[in-house]
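One structure is given below, encoded as structure tokens.
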């Protein structure tokens, strides 16, 4: 039992190391992981036999001691497929990845605005995953794991949604519902956590063990990576940056409380003040554009709306720095319309509001990308579970 | 090399396990640590020979297979002495502990108010440690490690003080200075971190791996325990709860910035408003008592000062919960005068301001104790380092 446990751990450690390095000689694996050369030889032979890794000739073409070409090890892409799904207010975005993390297909379907019943949303997601698989001529049953990112308060460990703007019910065992609907193990997480996962796996957080990702979409989200892992809190509802309070008895938030950061910086917060300042507009995005245009043109009321949002955002960010003292903060989002929050003045204001010591303040970087990056994070999240199962069971055959 | 490293790790793991359990049979050690029985037998024999642990008869008097009394293992208290020191605005408080964590002596000396030069403060601490050792007829050189807690922004890893209200200089290599002054390895940390350490080792955080301690003294401090370890941040200046902002362009803080939580809830914040409301008083503590008395007697201005402090504190606490989602928050402090911040209304207000999910909110407990508890935390911190050295080197002989 004890031996089996160690063996399983070593399989996972080696699989992860190979995955992270892309391609690596056997001999380096022993050095990097501290696992003995003999054990590395045995386990990599197992992994080869299970089809989880493969040998490829060294790129430098160097020959080994007996004249055979030297080989590196790499993940066998064909071993597994994983899907990543991001549900936003207006669409479902999906990517399909192989076991190596290479993107095989992408797909996007529109989603009706507002809240959906859990059954209906599970159906939309199931149909979209099937359509994604069809893009490479396969089917859902050939996928080994699906990662799904939703906005809201999610208990990832339990696979449960406490609350989400996409669902019309609270406390839904949504991972179980999706697993049953698709017949594929499904892993659920808060969408901001999955962005953090994407940044760690493919993005600016690669090789960093401690950083914070702030996302701005319809709401404000945060993902915290500590020691290389997503920090989730006890009930799975930590990192609620958008609902930290920046003003006692302040502006009304969609959550029903007052003074939340979101109530100052989210689109709806700007819109309600824009209507006061400029008169109503039937097009919501048109109204935001009008507001930002008026602010830029020097309209003092419009400028005060935008500048207050920026200052509140800087204050919230400074609080995060004062609490976590991270080495890196990534401001991530897809919508160029939030540029006013990413402005140099906002970052400068944040730096002025943190505890001043004679050491460099955290690096702040801005990373703009599309919905597919969120979906890639969801796929990377599912990939971790599939790697664990593959390490435990040998090759995991899809249902 | 690799073996030596593992052996050293196993020594530390067993030493920590025995220390945590108080007394434990050999056979349970193997079970709890996953270290093989043979290795446990070898290493505990080493630890016995080094004088770091000792055998004591089982309390139930049960006899072993050959009629010999069964024995438990325990830490040999006499193996090492450690001292813990807490520097506050008005005094230096110290405890002396043996290697088992039993308190051998305590000591307190007054400290002149205001800022001191690093050399002067190192001198006061050195003298106080010598006086502490003299209480049990020994001397500083017989102490294996000294832990020191200071208010301010401390880089514990580097043993450096970025800034402290007790020092008149910034960026001081204070741990090195103390080590040289006393001839004993000295470990420095932020005082709130050491309270968190004390709660984890002796207090309400015993057996908990994730919790937050908020301390209220002259300022507001925070210690964060995640995964059983103190969370420190990149530059060693995280957990600056007192300087999180609760109001944009708010009240002036001692740090020079505006809107910090401290600028609403610390003693000086109440005092400056008390002077406005009640007229100046020559006695600071007398003025606080007058303010609280007037608030209780129904004076609306006095009541508004106290109630605003409480509401700002609740808002700050709610932000911590929204970010960390901890299972437990310990409000710790020695001064009964901060009761208004610990009031039921404040806790209720905090609970109303956190993200609402259908799961129990974090437990909030209030733990009042004296300066010696801070010093005990400092000693527990030093004890961890001395345990590590003892595991590495066998018995560490004092200089």
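The values are calculated or read from the model by the stated rules, or taken from the named source; none is laboratory data. In this text the structure is predicted, and so the values were computed from the model without any measurement. Here Cβ is always computed from backbone atoms with ideal geometry, including for glycine, and neighbour counts include all displayed protein chains.
Can you tell me which of A:332, A:348, A:359 is part of a loop (DSSP other than H, G, I, E, B) and under 30 Å from residue B:155 (Cβ atoms)?
Result of the check over A:332, A:348, A:359: A:359.
Kindly indicate the residue of segment B:206-219 that is over 11 Å from the mean Cα position of the chain (by Cα) and more than 13 Å from residue B:362 (Cβ to Cβ) and also surrounded by the fewest Cβ atoms within 10 Å (Cβ to Cβ) among those meeting that condition.
B:207
Out of all the residues in segment A:309-325, which are in contact (Cβ under 8 Å) with a residue 24 or more places away in the chain and at the interface with another protein chain (Cβ under 8 Å from one of its Cβ atoms)?
Matches in segment A:309-325: A:311, A:312, A:315, A:318, A:319, A:320, A:322, A:324, A:325.
Quick check: is even one residue across segment A:143-164 over 30 Å from residue A:331 (Cβ atoms) and at pLDDT 95 or above?
Yes.
Take the residues of segment B:192-205 that are in contact with a helix residue (DSSP H, G or I) (Cβ under 6 Å, 6 or more places away or on another chain) and crowded, with 22+ Cβ neighbours inside 10 Å: which is nearest to residue B:325 (Cα to Cα)?
B:205
Looking only at segment B:134-148, count every residue that is in contact (Cβ under 8 Å) with a residue 12 or more places away in the chain, surrounded by fewer than 22 Cβ atoms within 10 Å (Cβ to Cβ) and in a helix (DSSP H, G or I) and tell me the total.
2
I'd like the residue in segment B:337-362 that is away from chain A (no Cβ under 14 Å) and in contact with a strand residue (DSSP E or B) (Cβ under 7 Å, 6 or more places away or on another chain) and, out of all such residues, is nearest to residue B:293 (Cα to Cα).
Step by step, filter segment B:337-362, then rank; the result is B:338.
Give the number of residues within segment B:109-125 that are surrounded by fewer than 19 Cβ atoms within 10 Å (Cβ to Cβ) and within 21 Å of residue B:383 (Cα to Cα).
Final tally of qualifying residues: 0.
Can residue A:388 be described as closer than 30 Å to residue A:108 by Cα, in contact with a strand residue (DSSP E or B) (Cβ under 9 Å, 6 or more places away or on another chain), away from chain B (no Cβ under 14 Å) and part of a helix (DSSP H, G or I)?
No; evaluated as a whole, the condition is false for this residue.
Among the candidates B:50, B:9, which residue alone is within 14 Å of another protein chain (Cβ to nearest Cβ) and either closer than 30 Å to residue B:377 by Cβ or surrounded by fewer than 17 Cβ atoms within 10 Å (Cβ to Cβ) (or both)?
Among B:50, B:9, only B:9 is within 14 Å of another protein chain (Cβ to nearest Cβ) and either closer than 30 Å to residue B:377 by Cβ or surrounded by fewer than 17 Cβ atoms within 10 Å (Cβ to Cβ) (or both).
Would you confirm whether or not segment B:264-279 contains a residue that is outside the structural domain of residue B:153 (by TED's automatic domain parsing), closer than 29 Å to residue B:363 by Cβ and touching a strand residue (DSSP E or B) at 6+ places or on another chain (Cβ under 7 Å)?
Checking segment B:264-279: at least one residue is outside the structural domain of residue B:153 (by TED's automatic domain parsing), closer than 29 Å to residue B:363 by Cβ and touching a strand residue (DSSP E or B) at 6+ places or on another chain (Cβ under 7 Å).
For segment A:190-219, how many residues meet the condition of being assigned by TED's automatic domain parsing to the domain that holds residue A:88, closer than 10 Å to residue A:377 by Cα and not in a helix (DSSP H, G or I)?
So the count comes out to 0.
Please find, within segment B:201-219, the residue that is farthest from the other protein chains (Cβ to nearest Cβ) out of those that are at negative phi and without any contact (Cβ under 8 Å) to a residue 24 or more places away in the chain.
Result: B:206.
Somewhere in segment A:326-340, is a residue without any contact (Cβ under 8 Å) to a residue 12 or more places away in the chain and surrounded by 16 or more Cβ atoms within 10 Å (Cβ to Cβ)?
no
Being crowded, with 17+ Cβ neighbours inside 10 Å and within 21 Å of residue A:388 (Cβ to Cβ) is the requirement here; does residue A:166 meet it?
Here the answer is no, as residue A:166 does not meet what is asked.
Return yes or no: is residue A:365 touching a residue at least 24 places away in the same chain (Cβ under 8 Å), away from chain B (no Cβ under 13 Å) and out of contact with any strand residue (DSSP E or B) (no Cβ under 8 Å at 6 or more places or on another chain)?
Judged against the criteria, residue A:365 is not a match.
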